Structures are given as C-alpha cells and as structure tokens.
C-alpha cells in the first residue's frame with residue numbers, strides 16, 4: 001500500500017465502537033443535564049456579555065435579535081449533523097473522530113490539529129478575560145492589584161497571574177474526576193444563567209418601545225451581516241460531542257445535549273438582545289460592557305458588580321468546557337498513535353486524561369500570562385468552521401458508505417442539511433480577515449511536518465494494515481452492533 005493511500009485510510013467503524021466499549025477507559029458518568037450544562041457553558045460566555053452590544057450598534061440595531069435567530073438556525077444545521085454522528089459513533093474526539101471514520105487519517109489529523117489551535121488559543125483568551133473581570137470586580141471593592149502581576153511583559157507588566165490561577169483551578173477539577181468537573185460546570189452555569197435571567201426580568205420592567213424604532217436601521221443586509229459576525233457566539237456546542245465515551249446513554253443523551261444547549265442559548269441570546277435594545281438606544285451599546293451600560297441606565301448602583309460576577313461565571317464555564325474538550329481530542333489522537341502515548345494515558349485513580357490536561361493547562365497558562373492573544377484568537381473561529389465543514393462532508397460519506405449502521409438520531413432533510421452547513425461554513429471562512437488565513441497556513445504547515453515526521457510513522461491504523469493488500473478507501477463493515485442495539489433488526493444489504 002502506498003504511503004499516499006495510507007494517509008487517507010479510514011478508521012473502521014467497528015474499531016471506534018470497540019474503543020468506546022473497552023474496559024479501563026473513560027468512565028461513563030454524564031447524563032443529559034450534564035451535557036446541556038457543558039454545551040451552554042461552552043456557548044454562552046463573552047458573546048452575551050460583550051458581542052451583543054457591539055453587533056447591535058455597528059451592524060443590525062434592534063434587528064440583532066433576528067440576526068441571532070438566523071445565526072442560531074445556521075449553527076443548528078451543524079448541530080443536527082453532530083447529533084447524528086455522536087449518537088451513531090459515541091467515541092471521544094468529536095470532529096476528529098468523525099473525520100477519521102469518514103474521510104481518512106490525514107483530513108482527521110488536520111481537523112484535530114485545528115481543534116488544538118481552537119481550544120488552546122480560545123482558552124487563553126478566555127482566561128485573560130476572566131483575569132480582567134476579576135481585577136475590575138476587586139477594584140470596585142477598593143482592592144487594586146499591581147499592574148506588574150495583572151499584565152504580561154508585552155502589555156507593560158511582568159506576569160498576568162489571575163489567568164494562571166483560574167486555569168489551575170479548572171485543570172484540577174478536570175484531573176480529579178469527570179463528575180467533579182461536571183458538578184463545577186453545573187454550578188457556574190447556574191450562576192451565569194441566574195445573572196442573565198435577572199437582567200432579563202429587571203430589564204423587561206423598564207423597557208422603552210421607542211428604542212426599537214426603527215427595528216431594522218441598517219436594513220436586511222445589516223441583519224445578515226450581523227448574523228455572520230455573531231455566528232461565533234454559538235461555537236462550542238461541539239464540546240458536547242467530545243464526551244461521547246463518558247455519557248451513560250450516548251445514543252439518546254448526546255443528541256439532547258447538543259440540540260438542547262444550542263436551543264437554550266439561542267433563546268437567551270434573542271431575549272437579552274431585545275431587552276438591551278429596549279433599555280438603551282442601540283448606538284449607545286457600542287461598548288465592551290453592554291449589559292452593565294443597560295443596567296446603569298436603569299439606576300441600579302451595583303450593576304458593574306452583578307455583571308462582573310456573571311461574566312466570571314460565564315468565562316469559567318467556557319474554560320471548563322474548552323479544557324474538557326481539548327483533553328478528549330488529545331486522548332483520541334494519542335490512542336490512535338498520531339500523538340505520543342502520553343496523551344492517551346489515563347489517571348489510575350480518577351480515570352481522566354490527567355497528563356493531557358496538565359499539558360494543556362501549561363500551554364494555556366503560558367499564553368495567557370505572557371502573550372496578548374486578542375488578534376491570534378481569530379484563529380479559533382476558522383478552526384471551528386473547518387471542523388463543521390469536514391464533519392458535514394463526512395456525514396454524507398457515511399450515509400453513502402455505511403447505510404446499514406444504526407442511527408438513533410437521523411439528521412433530517414438529507415442531503416440539504418449538511419450541504420447548507422458546508423455552504424454557510426465556507427461563506428464565513430471566506431469573509432474572515434486575510435491575516436487569519438496566513439496564520440492558519442503557517443499552523444497547518446507545522447501540523448503537516450509533525451504528522452509526516454511522527455504521526456504517520458506511529459499511526460496504529462497504518463501499523464495494523466501495512467502488510468495487507470486491501471484498498472484503504474473501502475470501509476470495513478460493522479461486525480456487531482452496540483449492546484443497546486443488539487435487538488434491532490439489520491437492514492437488508
């Protein structure tokens with residue numbers, strides 16, 4: 001078998017399913033509420049506390065509520081694709097694993113490599129934001145932290161300590177058990193949602209309908225432009241799919257977690273936008289703290305403290321979800337031999353990828369403590385969109401090549417749903433700044449070097465098949481169903 005064909009060899013479906021059922025692996029401790037909390041924790045963060053005001057003031061005005069609805073529908077297309085694949089292949093790794101099974105090893109590596117960039121860079125940006133909100137909250141109570149320890153050397157300080165503290169806390173929670181991490185996620189998500197609901201309730205009693213006129217000051221084009229801009233407020237639901245091997249009833253609960261978290265987030269985004277633009281004329285919302293601006297306009301004296309607490313909870317939940325998802329992608333890639341065995345190791349006591357979490361925490365802390373990542377964070381967006389694109393294409397391939405596989409959830413309107421998800425992803429990727437594409441090219445170049453020098457040579461799939469003559473692009477059939485599907489009749493071939 002030629003090296004080129006080996007790079008596009010698909011991982012057999014049965015191998016994926018056996019890995020998910022193997023003893024000694026990740027513990028199945030998560031239920032549907034845990035998954036919804038994980039998804040909401042990953043989706044709702046800086047977007048609702050920062051992006052809503054800027055997008056309303058610059059792009060769509062009060063019509064941003066419609067933008068959020070449209071963008072939520074677009075994200076829902078990808079969510080429906082993820083829901084089918086996650087219920088069919090409940091394995092760790094999310095987009096990386098689905099791509100490996102449908103498009104082959106090299107595309108899977110590229111997606112996994114992009115997800116590393118997405119999660120690490122996004123986590124560093126979130127950690128820096130968490131530190132800034134903590135500094136502001138302490139300042140409101142008269143506690144001023146020295147600049148030397150709240151900014152990196154490129155920003156006039158020595159080291160940014162608050163991000164290191166929160167990353168260490170989140171990593172500790174993840175290392176000491178999935179259940180503990182899930183409980184912490186539930187707590188901070190509940191706190192975050194409480195602050196958001198409090199804002200909606202208080203704000204709804206002080207609305208001025210005149211602020212909603214005109215509802216579409218920038219026209220329909222402004223609404224669509226706003227939808228493209230705030231689409232990135234929805235990325236994160238894919239973190240739910242990375243938990244495939246830790247869910248008690250993956251065939252049902254993964255679908256509930258993905259679609260439920262996206263639906264809840266969309267409803268909250270729309271309600272917050274309507275309240276924001278009803279409290280304050282939209283031009284005044286061009287600020288990094290639109291919710292605080294709206295609350296202050298109502299005369300609430302503790303508005304900044306309320307928003308700071310909600311933002312801290314929101315950013316903590318995003319960090320929890322990001323580190324959780326990244327460690328599971330690392331775990332899947334290490335198990336396949338594409339990364340060193342260190343990343344596939346599990347803690348003997350806690351059955352968590354402790355080494356992966358420690359490495360990720362160290363990388364995130366280093367970025368957040370010393371390097372401004374406000375520009376580099378754009379790379380996280382293109383990494384997510386590329387994952388959406390490949391996963392949607394992979395669904396079409398698996399529908400054609402493996403029609404016999406049990407599908408507890410089926411994506412509706414095939415092939416149009418994945419095709420529309422692909423089209424929307426490409427549209428958004430094309431509209432990203434050129435510098436983002438340059439940085440992506442550099443990152444992918446580094447990834448290809450690593451794959452050719454290590455990943456391809458140590459690939460367990462290549463090792464198992466290098467002495468066979470089977471064509472790599474012919475997928476292997478599934479020899480036996482999952483236990484929960486053993487009684488289901490097979491479709492005739």
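Just so you know, all these numbers are worked out from the coordinates, no wet-lab data involved. The structure displayed is predicted, hence computed values, not measured ones. Positions of Cβ are generated from backbone atoms using ideal geometry, with glycine treated the same way; all protein chains shown enter the neighbour counts.
Values computed for the structure shown
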read-out	value
Over the chain: helical MRE at 222 nm, DSSP H runs n ≥ 4 each giving -39500 (n - 2.57), nearest 500	-20500 deg cm²/dmol
Computed over the range 3-485: relative contact order in percent, which uses C-alpha pairs under 8 Å that are six or more apart	34
Ordering of 402-408, 86-92, 52-58, 109-115 by packing [mean C-beta count within 10 Å, highest first]	86-92, 109-115, 52-58, 402-408
The range 289-373 shape via C-alpha gyration tensor axes, a/c threshold 1.5	prolate
With Cα atoms, 0 to 90° folded angle of helix 64-88 axis to the chain main axis	20
Ranked by how many other beta carbons lie within 10 Å on average, peptides 117-123, 194-200 from highest	117-123, 194-200
Nearest 10 degrees, 0 to 90: helix 416-430 Cα axis against the chain principal axis	60
Distance cut-off 28 Å, percentage of C-alpha pairs in the range 3-485 lying past it	51
Debye log10 I(q)/I(0) for the range 56-119, one point scatterer per Cα, at q = 0.22, 0.29 Å⁻¹	-0.89, -1.15
Zone of residue 347's modelled label, taken as backbone nitrogen in the range 162-191 under 15 Å from a point 7 Å along Cα→Cβ	168-185
Debye log10 I(q)/I(0) at q = 0.14, 0.20, 0.21, 0.22 Å⁻¹ for the range 218-353, Cα point scatterers	-0.86, -1.25, -1.32, -1.39
Using alpha-carbon coordinates, inclination of helix 32-43 to the longest axis of the chain, degrees	60
Fewest-first sequence of 426, 275, 397, 329 by Cβ atoms within 10 Å of each Cβ	426, 397, 275, 329
Förster-model FRET efficiency, 41 Å R0, residue 211 and residue 33, C-beta, rounded to 0.05	0.65
